[in-house]
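One structure below.
The values are calculated or read from the model by the stated rules, or taken from the named source; none is laboratory data. Quick caveat: nothing in here was measured; it's all calculated off a predicted structure. Methodologically, a virtual Cβ is constructed for each residue, glycine included, from the backbone with ideal geometry; neighbour enumeration extends over all protein chains shown.
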Amino acid sequence: MKTKAAVIYEPKSKFIIEELDLAEPSNGEILVEVKATGVCRTDEHVITGDEEHPFPCVLGHESAGIVKQVGPGVEAIKEGDHVITVWMPSCGKCEPCRKGQGNLCVRGAGLFSGVLFDGKTKFKKNGEDIYHFLNVSGFSEYIIIPEDSAIVVDKQAPLDKICLLGCASTSGFGAATRTAKVEAASTASIYGFGGIGSGVLIGLVSSGADMIIVVDPNDWKEEVAIKMGATHFINPKKVDPVELTLELTNGVGVDYSFECWGSPETQAQVYNSLKNRGKGILLGGCDERINQIPIQPVSFPLTERQLMGSLYGSCTPAVEIPKFVSLFMHNKFDLDSVITKTFKLEEINDAFDAMRNGEVIRGIIKFD
Ligand SMILES: [Zn+2]
Ligand SMILES: [Zn+2]
């Protein structure tokens, strides 16, 4: 069959809308009609070359859609099911999966290979391979994905909202509630208020944090952050966020700080704004060539502060995402405030520019 997709032919180039050939689903694969896909910085890291990946490729990994066909051997998913895609297709059998750490499944090792588990691409243009991205490639009308990359969800849930649970909102919410296990009456800060940072905020509010400081260089986001439950907003271009955080906390710092920006400078700010025994959680994607964070090693024993990573919010996607959909359906997971703007697939270059320029908290590509 044919599918309309946004293709990136080389690093640092623009998307080109193309009609591609799409193969039939093979063993263990499904065909999904994509309804919406969020625009994420992880896609951007491939475009900039910060993350190595084969080209040409169809990016997009935060999608929701409707199953149109299932391949041989697929039992748990059927035609007509509504699904959220996940970029970590937990196998359920490896050691991390058996320990309930599906976000660290061994399958993660091949995520940036550009091919599905059978080693092939399902997209072709004039007989040439077009590579997949994270087994999803959500910037295409139709996609072939492994069945483990899809989570069946409530058919009542709006696909153009819950697609965010495929990546950013789950990663952020989980970082606060699963990785850090934030306690009520805590103090916290969030560096970077985009898709992931807003997910952290939702998680902090639901955990009963008392003070939530959002740090972001775009002043217009203050109104949204406060509406969603933040207590303070700092523009780091105007004031030193570490100094102001210390001032706001009587000189002791915050219990938790979340780095959603992806730079060594903000990672150091996260660490330096923690109180003794405070926890800094790093979840922003960074240029993979960077190998240093400018912090003072001696401060680790002196303050017992901790820095920890968080991948997919420490969530096993198949277990946690249906719960988050349910929270959303009960008005306890505010995705509506996160979505600033929706774009057509043809407007995808504008959607990425809007993210680069800090004009959106989250932008979404919506298919008709
Ligand atoms: Zn993402
Ligand atoms: Zn596994």
**Study point:** Residues of region 27-83 satisfying the condition of being more than 16 Å from ligand 1 (Cβ to nearest atom) and under 18 Å from ASP353 (Cα atoms)
**Key:** GLY49
Revision key, fill the gap. When VAL115 is run through (1) within 16 Å of ligand 2 (Cβ to nearest atom); (2) of a type in the set (A, V, I, L, M); (3) touching a strand residue (DSSP E or B) at 6+ places or on another chain (Cβ under 9 Å), the failure sits at (1)
Revision key, fill the gap. Across region 223-233, the tally of residues that are outside any loop (DSSP other than H, G, I, E, B) and without any contact (Cβ under 8 Å) to a residue 24 or more places away in the chain stands at 4
Practice item. Looking at (1) over 13 Å from GLU29 (Cβ atoms); (2) away from ligand 2 (no atom under 12 Å from the Cβ), find the lone condition where PRO146 falls short. Key: (1)
Practice item. Please tell me if ILE162 is in the same structural domain as ASN27 (by TED's automatic domain parsing), more than 30 Å from ASP240 (Cβ to Cβ) and part of a strand (DSSP E or B). Key: no
Point to revise | Count of residues meeting criterion [crowded, with 21+ Cβ neighbours inside 10 Å and in contact with a His (Cβ under 6 Å, 6 or more places away or on another chain)] in region 36-52 | key: 1
